[in-house]
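J.: Below you'll find the structure I mean.
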Amino acid sequence: MLDSSVQRENFLQFATQYYRSGLPLFLSDFQLLKYQVIEALKDSRHSTCTDNSHLAPHPVANQHAVQLVKDDRYPHESHPLAHLVPITKGIFESAMLLLPPNSIDKTTQFPEAVKSAFSNFVCTYFGRESYMAVSIPNEVVARIQKAVELSNVPLSVLDCAKDEVLFLLCTDVFAGYRKRLEAQCCSTVS
């Protein structure tokens, strides 16, 4: 269901409307951050080429902050990379899919160009005082915070948090969504 844009949109709208959940916002911002990382990695790879005149230009994302979604619209859906990297894929896995072989590995760090956006994302969704903090296991948050403290931030650092958010959506919120769909279906048949 999460791979179908129409079904995903309906589900995320349900989660936002009926649960007042920050989980869809987390996923939307995660997607935007993912796109920024991939674009920055492509740009940094291209800038290291001796002759990059043959390379197509890449659209530049907002590299200064994550574009926090404040309403029911999901701007990540219209991004040029949206059809290439589904919401279920993490940043590292998506980069592995889109970048040339051997250009990154598990030790590849977040590019400098998106460090500010990464920091904003972490403060927004994992900060102790943030009203948007997602409720995921402390060990996952602790791993992210430790990576930031040690300035060792591999591309995969947020992927486990994304998996936890998807799990919460699929177990907690999806049950309510299914019940609502069944109730709507039964009421239209009657």
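J.: Applying the selection to the range 149-166, what residues are free of Cβ contacts under 8 Å to residues at least 60 places away in the same chain and either open to solvent by 60 Å² or more (accessible area, probe 1.4 Å) or among the basic types (Lys, Arg) (or both)?
T.: The answer is GLU149, LEU150, SER151, ASN152.
J.: Name the single residue that is modelled with the highest pLDDT among those in the range 33-58 being surrounded by fewer than 21 Cβ atoms within 10 Å (Cβ to Cβ) and assigned to a helix (DSSP H, G or I).
T.: Filtering the range 33-58 down to residues surrounded by fewer than 21 Cβ atoms within 10 Å (Cβ to Cβ) leaves 42-58.
Subset that is assigned to a helix (DSSP H, G or I): 42-47.
Working: LYS42: 89, ASP43: 85, SER44: 78, ARG45: 67, HIS46: 55, SER47: 51.
Checked the range 33-58; the qualifying residue modelled with the highest pLDDT is LYS42.
J.: Is it the case that LYS106 is among the charged types (D, E, K, R), in a loop (DSSP other than H, G, I, E, B) and open to solvent by 30 Å² or more (accessible area, probe 1.4 Å)? Steps first, answer last, please.
T.: Values: among the charged types (D, E, K, R): yes; in a loop (DSSP other than H, G, I, E, B): yes; open to solvent by 30 Å² or more (accessible area, probe 1.4 Å): yes.
Answer is yes for this residue.
J.: So which of VAL173, VAL141, VAL122, VAL114 is touching a residue at least 60 places away in the same chain (Cβ under 8 Å) and under 27 Å from GLN17 (Cα atoms)? Give the derivation first.
T.: Details: VAL141 fails: touching a residue at least 60 places away in the same chain (Cβ under 8 Å); VAL122 fails: touching a residue at least 60 places away in the same chain (Cβ under 8 Å); VAL114 fails: under 27 Å from GLN17 (Cα atoms).
Of the residues listed, the single one that is touching a residue at least 60 places away in the same chain (Cβ under 8 Å) and under 27 Å from GLN17 (Cα atoms) is VAL173.
J.: Tell me yes or no: at least one residue of the range 129-137 is over 19 Å from the mean Cα position of the chain (by Cα) and surrounded by fewer than 18 Cβ atoms within 10 Å (Cβ to Cβ).
T.: First pass over the range 129-137, keeping only residues over 19 Å from the mean Cα position of the chain (by Cα): 129.
Then drop every residue that is not surrounded by fewer than 18 Cβ atoms within 10 Å (Cβ to Cβ), which leaves 129.
Taking every residue of the range 129-137 in turn, at least one turns out to be over 19 Å from the mean Cα position of the chain (by Cα) and surrounded by fewer than 18 Cβ atoms within 10 Å (Cβ to Cβ).
J.: Can you say whether PRO100 is over 30 Å from GLN7 (Cα atoms) and part of a loop (DSSP other than H, G, I, E, B), as far as the supplied structure shows?
T.: Values: over 30 Å from GLN7 (Cα atoms): yes; part of a loop (DSSP other than H, G, I, E, B): yes.
It is true that PRO100 is over 30 Å from GLN7 (Cα atoms) and part of a loop (DSSP other than H, G, I, E, B).
The values are calculated or read from the model by the stated rules, or taken from the named source; none is laboratory data. What you see is a predicted model; the values in this text were computed from it and never measured. Here Cβ is always computed from backbone atoms with ideal geometry, including for glycine, and neighbour counts include all displayed protein chains. Surface areas here come from the heavy atoms of the whole protein model, side chains and all, with no ligands, DNA or RNA. Shrake-Rupley method; radii C 1.70, N 1.55, O 1.52, S 1.80 Å.
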